[in-house]
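Peer 1: My questions all concern the structure below.
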Amino acid sequence: MSGATLAHPSVDEKQEPETGKLGMWVFLASEVLFFGGLFVAYLVGRVRFPAGWAEGSRHTDVLLGTVNTAVLLTSSAAVALAVACEEDGHARRWKARLLSLTAALGTVFLLLKGLEWHDEWREHLLPGPDFALHVAGAQQFFALYFLVTGLHGVHMVCGIVALSLLARGRARARPWAGARELEVAALYWHFVDVVWIFLYPLLYLVDRHG
Amino acid sequence: MTTDALPGSYLDDGLTLRSWLTTTDHKRIAILYALSITAFFFVGGAAATIIRMELATPAGDLVSNDAYDKLFTAHGVIMVWLFLIPSIPSVLGNFLLPLMLGARDLAFPRLNLLSWYLYMAGGLITLEALLLGGVDTGWTFYTPYSTMFSNTYVVLTLVGVFVTGFSSILTGLNFIVTIHTLRAPAMGWFKLPLFAWAMYATSLILVLATPVLAVTTLLVAAERLFQIGIFDPAYGGDPLLFQHLFWFYSHPAVYIMVLPAMGVVSEIIPCFARRPVFGYDTMAYAILAIASVGFLVWGHHMFVSGQSLAASMTFSLLSFLVAIPSAIKVFNWTATLYKGSIRFDAPMLYALGFVGLFTIGGLTGLFLASLALDVHLTDTYFVVAHFHYIMVGGSVMAYFGGLHFWWPKATGRLYPEVWARIAAVLVFVGFNLTFFPQFILGMEGMPRRYHAYPPQFQVLNLFSSTGAGVLAIGYLMPLVYFAWSLGRGKAAGDNPFGAKGLEWQARSPPPTHNFDAPPVVPARVYDYQADEPRPEAVR
Amino acid sequence: MAADTDATLSSGFRLLHAAASAQASRTDALFLAMLLLCGTVAVVLLVLVTWFSLRYRRSRVVDRTPPRQMKGIEVAWTVTPLLIFFGVFGWAARDYVTMADPPADALPISVVARQWMWKLQHRNGRREINELHVPLGEPVVVTMTSQDVIHSFFIPAFRLKQDVVPGRYTRLWFTATQLGEFPLFCSEYCGSEHSQMTGRVVVMSPSDYGRWLASGPSEPGMAQYGFALFRQLGCSGCHDPRSTIHAPLLAGLYGRTVHLQDGRSLVADADYIRDSILVPAKDVVAGFAPVMPSFAGQVSEEDLQALIAYIQSTSARDATP
């Protein structure tokens, strides 16, 4: 007998954090490649149309973008604190509140983003026949801008929903809202934040000097 | 289900349609996939039948230009995304991986069911696009034709492909986590069956390559709907950017289609030669090498596209390199036969057929990797023959071999051996008759995707179309005798082939929880001995 | 009309086709070498598999003691293919590099592809549709672009093809080595009539070609037509030495290194000139303001080729000191 035992995924408690977290890491790897394709398109455009890219970037709302970056970073801090709360028994009740805060900050981000998009629509920066900027490549810049921030926003929505559900579940001590689930959700949230950290300079800060 | 399977098997654990559609049992999900991909296989095959009928004569007299273009597009889209990519992983992988590892199920059973629903949704959307009028861009969707000039259901088809892609990604994710975390404790990495290694490497590609396809389909749809100007030169875009993005996924995709087949063959040959696979470690490393180097060669589809000389040279060199691990695998399978005790049951016929046809397909790939030769051969029937040798002569043969090999395990029934061998031979003969002439057609200069062709190409086309008829018969036969065996086949017993591997320690068919008692992991994987007396099969 | 130009298209079945260009015989040599190499490997493997299958089939009584380790053979069958592959790669790459490097004195032909026909023009202005007449034994360089989707210019008898891409120029060059007519195919799927987008290449003796070239309908040469456009579209209004507008002088531009506003420099080729006419703000020359208007929509692909031909015909000595 070589001592082989059966692995029961639903029964073996200690195994689960590994499967959940490993699963999320693998999923994030696929997401890196997903956004990666858009980054490649951005890169190609930047090389082909340096003037157009600069012109486009100058017309993004750097104030709102910077505020949003701060909001998102704060939200990541909140969810990291929520995870850390697990260690300290007294701070447990803060978990649900911190999760709600994260989701709320994420919602603020989306609202500000929506505001940005609305302004850009008013300024005729939506790719189309009456696109306002006439430098070659500026339209492609904005096409990618809307596409990538839109996809990022979709990811944010999924994260906000997940965190809100976990916040509620935690507050009611539901079994599906335990430490393992929170770690996995936090990992996802951090990833969405990291994507933004790359997007922010690429979209807002090109040729802003002078 | 109306089989009289042994009591307590996964087949009679819930007999309603609802129990099947809400199952999280990896074995039932595998059956769901098997049924759906078979249906799609025959739709794609019907398209191929009409294509070969049209091409039997030089004039385009059976269907119109546009109908023909929609047919070859449908054939490619269905066969690649709705048949080949899911076939071995989602049917055999789903069924066998937990059993081979000694586990009860995959790491995420509900995600597994979601994968199937996503596959069905994507497949039905694609089918809908076909029924509404089809798409005529070729499965490769080159821009600007697909973004600006085609008047067909491009976006709808791309949505179908996009959705199906997520099925792939989630399946890959599930397999990776399962292999990492749910192996029986005594099963180290280098005791994994090669099929599991193949599933692992394939899953890495599924997870890392498919997202690029997803984003590419989004970009094409956005370009088509909003003229964003990324691929169309009229708006400042670059058509070659599409090709790079598309092939960055689609080349690794062909390894998604062939690595699982190699895994199946590595299970069958040792069993029917009664010898451990030659060079197990090397075989495992070769699988990983193929998967990783396979990400670096996509530009060999673009040697005449107008890409730079430096790019072409790099991709050509890397394409030669990726052939080395494949060649090593062929040599190792051949060496496994040496001093074996060989039986020619149907699974073995399919596996040996794979070795021969994959070898020819792989060698012709070297012609295409050679820059100067590719200039003449690319976009001709030489390429069509090359990839059909790998994907049909290779992957489909291995899929059929695997279906036969594990049929007794999954159903508890034996298929009729004589008919199965006849079908295997018909498939082999029909396949060669269909596709070998196409190498010559390509050398002669017949371009691909041609609805009508100059008369000098007719003789070879006629051979090819005739072969397709034989091939079709070979493919239809298993449909009949597999169905027959479900009702009338002999009971299989737990291990009719005397195979090693943990899946054979479960009952045939297995209970829902897979193993009645924890399976014993042998000291050596593929613990076959040619000179030991073999348990007789029930025949 | 000379008899040797009336050769009809071959309809007989032949393996490896007519080899009608200098490159064709090189490609065929490589092909043969690969065929022998791969054929040998395939036959050896087939023989081994068959031999093992028969000799070691279950019913036979034969020595089956497990073989010992064969590390040496494994290394051999890894390293040998690797070395052979490097050799084949190098041989094929060398030919490929030759294909990308037309001689400077090659006869220029301009091609515009569109759904579903080939439009070709010789330097003296003579146009053809779906046919290309070329002289025997002289290098010919075909510069191509597409009006719509990607096509591909394929002459099997020459063993050459090149994709024809909208928005840029691609090139293919050859030296025909056989008289006769050879099929021309479009080999990149381009829509409904892709399979009908065929034609022929007619190889004539140089003297016959000269006569053929001169005997067409009287048309201005490409450079001459390009010069007419240059004036007609107003290019000379700015790009003339006597103009008051500060614009780069174009005499001898083709092949010259140009320094751009953002610090980059490039060699002025056909793509650069084409982009400068259609998207002038893209690569602005250093020291000049980006005031040139775009001519997109006012010039056809043929017009652009003519303008480029005109610029190519000017030389540095035409520029004012």
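Peer 1: Just one of the numbered conditions (1) of a type outside the set (A, V, I, L, M); (2) on the phi > 0 side of the Ramachandran plot; (3) within 14 Å of chain A (Cβ to nearest Cβ) is not true of C:Pro280; which one?
Peer 2: Exception for C:Pro280: condition (2).
Peer 1: Go through B:Phe108, B:Phe83 for me and flag whichever is open to solvent by 10 Å² or more (accessible area, probe 1.4 Å) and at pLDDT 95 or above.
Peer 2: Testing whether each residue is open to solvent by 10 Å² or more (accessible area, probe 1.4 Å) and at pLDDT 95 or above leaves just B:Phe108.
Peer 1: Within region C:162-171, can one find any residue that is among the small types (Gly, Ala, Ser) and within 12 Å of another protein chain (Cβ to nearest Cβ)?
Peer 2: yes
Peer 1: May I ask you to list the residues in region B:421-443 that are in contact (Cβ under 8 Å) with a residue 60 or more places away in the chain and closer than 25 Å to C:Leu160 by Cβ?
Peer 2: Hits for region B:421-443 are B:Phe439, B:Leu441, B:Gly442, B:Met443.
Peer 1: On the basis of being more than 9 Å from every other protein chain (Cβ to nearest Cβ), more than 26 Å from B:Thr171 (Cβ to Cβ), in contact with a Pro (Cβ under 9 Å, 6 or more places away or on another chain) and part of a loop (DSSP other than H, G, I, E, B), does B:Phe231 make the cut? Can you show your working first?
Peer 2: Values: more than 9 Å from every other protein chain (Cβ to nearest Cβ): yes; more than 26 Å from B:Thr171 (Cβ to Cβ): yes; in contact with a Pro (Cβ under 9 Å, 6 or more places away or on another chain): yes; part of a loop (DSSP other than H, G, I, E, B): yes.
Yes, satisfied.
Peer 1: Looking only at region B:392-405, count how many residues are open to solvent by 10 Å² or more (accessible area, probe 1.4 Å) and more than 12 Å from the chain's Cα centre (by Cα).
Peer 2: Qualifying residue count for the region: 1.
Peer 1: Just wondering, is there one or more residues in region A:48-67 that are within 14 Å of chain C (Cβ to nearest Cβ) and open to solvent by 50 Å² or more (accessible area, probe 1.4 Å)? Lay out the reasoning, then the answer.
Peer 2: Residues of region A:48-67 that are within 14 Å of chain C (Cβ to nearest Cβ), as a first pass: A:48-56.
Filter again for open to solvent by 50 Å² or more (accessible area, probe 1.4 Å), leaving A:48, A:51.
Yes, region A:48-67 has at least one match.
Peer 1: Restricting attention to region B:39-89, which residues are under 19 Å from B:Phe162 (Cα atoms) and among the hydrophobic types (A, V, I, L, M, F, W, C)?
Peer 2: Result: B:Phe40, B:Ala74, B:Val77, B:Ile78, B:Met79, B:Val80, B:Trp81, B:Leu82, B:Phe83, B:Leu84, B:Ile85.
Peer 1: Just the residues that are within 11 Å of chain B (Cβ to nearest Cβ) and either open to solvent by 10 Å² or more (accessible area, probe 1.4 Å) or more than 21 Å from B:Leu373 (Cα to Cα) (or both), please, taken from region C:134-159.
Peer 2: To start, the set of residues in region C:134-159 that are within 11 Å of chain B (Cβ to nearest Cβ) comprises C:144-159.
Once the filter is applied, which keeps residues that are within 11 Å of chain B (Cβ to nearest Cβ) and either open to solvent by 10 Å² or more (accessible area, probe 1.4 Å) or more than 21 Å from B:Leu373 (Cα to Cα) (or both), region C:134-159 yields C:Met144, C:Thr145, C:Ser146, C:Gln147, C:Asp148, C:Val149, C:Ile150.
Peer 1: Could you check region C:225-245 and list, in sequence order, the residues that are open to solvent by 70 Å² or more (accessible area, probe 1.4 Å) and touching a helix residue (DSSP H, G or I) at 6+ places or on another chain (Cβ under 8 Å)?
Peer 2: Those that are open to solvent by 70 Å² or more (accessible area, probe 1.4 Å) and touching a helix residue (DSSP H, G or I) at 6+ places or on another chain (Cβ under 8 Å): C:Tyr225, C:Phe227, C:Ile245.
Peer 1: For region B:84-115, name all the residues that are touching a residue at least 60 places away in the same chain (Cβ under 8 Å), away from every other protein chain (no Cβ under 12 Å) and more than 26 Å from B:Val265 (Cβ to Cβ).
Peer 2: B:Leu113
Peer 1: Is it true that B:Trp504 is of a type in the set (Phe, Trp, Tyr), surrounded by fewer than 18 Cβ atoms within 10 Å (Cβ to Cβ) and either farther than 30 Å from B:Thr378 by Cβ or more than 12 Å from chain C (Cβ to nearest Cβ) (or both)?
Peer 2: no
Peer 1: Something else about it: Say we look at region B:141-160 and pick out the residues that are open to solvent by less than 10 Å² (accessible area, probe 1.4 Å) and either free of Cβ contacts under 8 Å to residues at least 12 places away in the same chain or among the hydroxyl-bearing types (Ser, Thr, Tyr) (or both); which of these is nearest to B:Phe231 (Cα to Cα)?
Peer 2: Ranking the candidates gives B:Thr143 first.
Peer 1: Is there any pair with a first residue in region C:181-203 that is more than 9 Å from chain B (Cβ to nearest Cβ) and open to solvent by less than 20 Å² (accessible area, probe 1.4 Å) and a second that is in a helix (DSSP H, G or I) and of a type in the set (A, V, I, L, M, F, W, C) whose Cβ atoms are under 6 Å apart and which are 6 or more apart or on different chains, and what are they?
Peer 2: Filtered contacts from region C:181-203: C:Phe182/C:Ala157.
Peer 1: Moving on to the next point. Residues of region C:46-73 being at the interface with chain B (Cβ under 7 Å from one of its Cβ atoms), touching a Phe, Trp or Tyr at 6+ places or on another chain (Cβ under 8 Å) and not in a strand (DSSP E or B), which ones?
Peer 2: Selection gives C:Phe52, C:Ser53, C:Tyr56, C:Arg64, C:Pro67.
Peer 1: Related question: Looking only at region C:81-123, filter to residues that are within 20 Å of C:Ala176 (Cα to Cα) and part of a loop (DSSP other than H, G, I, E, B); which one of those is farthest from the other protein chains (Cβ to nearest Cβ)?
Peer 2: Step by step, filter region C:81-123, then rank; the result is C:Arg123.
Peer 1: Here is a follow-up. In region A:1-29, which residues are over 18 Å from B:Thr181 (Cβ atoms) and at pLDDT 90 or above?
Peer 2: Correct list: empty.
Peer 1: Let me ask something else about it. Filter region A:124-162 down to residues that are open to solvent by less than 30 Å² (accessible area, probe 1.4 Å) and not in a helix (DSSP H, G or I) and give me whichever is farthest from the other protein chains (Cβ to nearest Cβ).
Peer 2: Per the stated criteria, the residue is A:Leu125.
Peer 1: Considering only region C:235-292, how many residues are touching a Pro at 6+ places or on another chain (Cβ under 7 Å) and farther than 27 Å from B:Ala234 by Cβ?
Peer 2: 1
Peer 1: Here's something else I'd like to know. What are the residue pairs meeting all of these: first residue in region C:43-69, first residue closer than 17 Å to B:Lys329 by Cα and open to solvent by 90 Å² or more (accessible area, probe 1.4 Å), second residue of a type in the set (Gly, Ala, Ser) and in a helix (DSSP H, G or I), Cβ atoms under 7 Å, and 6 or more apart or on different chains?
Peer 2: Going by the 7 Å Cβ cut-off, the qualifying pairs are C:Leu46/B:Gly356.
Peer 1: Ok, one more. If the requirement is being more than 9 Å from chain C (Cβ to nearest Cβ), touching a Gly at 6+ places or on another chain (Cβ under 9 Å) and open to solvent by 10 Å² or more (accessible area, probe 1.4 Å), which of these qualifies: B:Leu357, B:Leu288, B:Leu349?
Peer 2: It is B:Leu349.
Peer 1: Of the residues C:Val284, C:Val267, which single one is more than 19 Å from C:Val111 (Cβ to Cβ) and either open to solvent by 50 Å² or more (accessible area, probe 1.4 Å) or of a type in the set (Asp, Glu) (or both)?
Peer 2: Just a single option satisfies the conditions, and that option is C:Val267.
Peer 1: Among residues belonging to region A:16-31 that are more than 8 Å from chain B (Cβ to nearest Cβ) and among the aliphatic types (A, V, I, L, M), point out the one that is farthest from B:Val215 (Cα to Cα).
Peer 2: A:Met24
Peer 1: Okay, next question. Pick out the one residue from B:Thr216, B:Thr171 that is more than 14 Å from chain C (Cβ to nearest Cβ), touching a Leu at 6+ places or on another chain (Cβ under 8 Å), under 28 Å from B:Arg449 (Cβ atoms) and not aliphatic (A, V, I, L, M). Walk me through it before giving the result.
Peer 2: Numbers: B:Thr171 fails: under 28 Å from B:Arg449 (Cβ atoms).
Of B:Thr216, B:Thr171, the one residue that is more than 14 Å from chain C (Cβ to nearest Cβ), touching a Leu at 6+ places or on another chain (Cβ under 8 Å), under 28 Å from B:Arg449 (Cβ atoms) and not aliphatic (A, V, I, L, M) is B:Thr216.
Peer 1: Assess whether C:Phe158 counts as being within 14 Å of the chain's Cα centre (by Cα) and touching a residue at least 40 places away in the same chain (Cβ under 8 Å).
Peer 2: yes
Peer 1: Can you work out which of the residues in region B:210-226 that are touching a residue at least 24 places away in the same chain (Cβ under 8 Å) and either over 20 Å from B:Ile169 (Cα atoms) or among the aromatic types (Phe, Trp, Tyr) (or both) is most open to solvent (accessible area, probe 1.4 Å)?
Peer 2: Of everything passing the filter in region B:210-226, B:Leu225 is most open to solvent (accessible area, probe 1.4 Å).
Peer 1: Still on this structure, please answer the following. Conditions first: (1) within 7 Å of chain C (Cβ to nearest Cβ); (2) open to solvent by 10 Å² or more (accessible area, probe 1.4 Å); (3) of a type in the set (Gly, Ala, Ser). B:Ala311 passes all but one, so which condition is the exception?
Peer 2: (1)
The values are calculated or read from the model by the stated rules, or taken from the named source; none is laboratory data. Keep in mind it's a predicted model, so treat the numbers as computed, not measured. Backbone-built Cβ (ideal geometry, glycine too); neighbour counts: all protein chains shown. Protein only, heavy atoms only, side chains kept; ligands, DNA and RNA dropped before computing areas. Shrake-Rupley method; radii C 1.70, N 1.55, O 1.52, S 1.80 Å.
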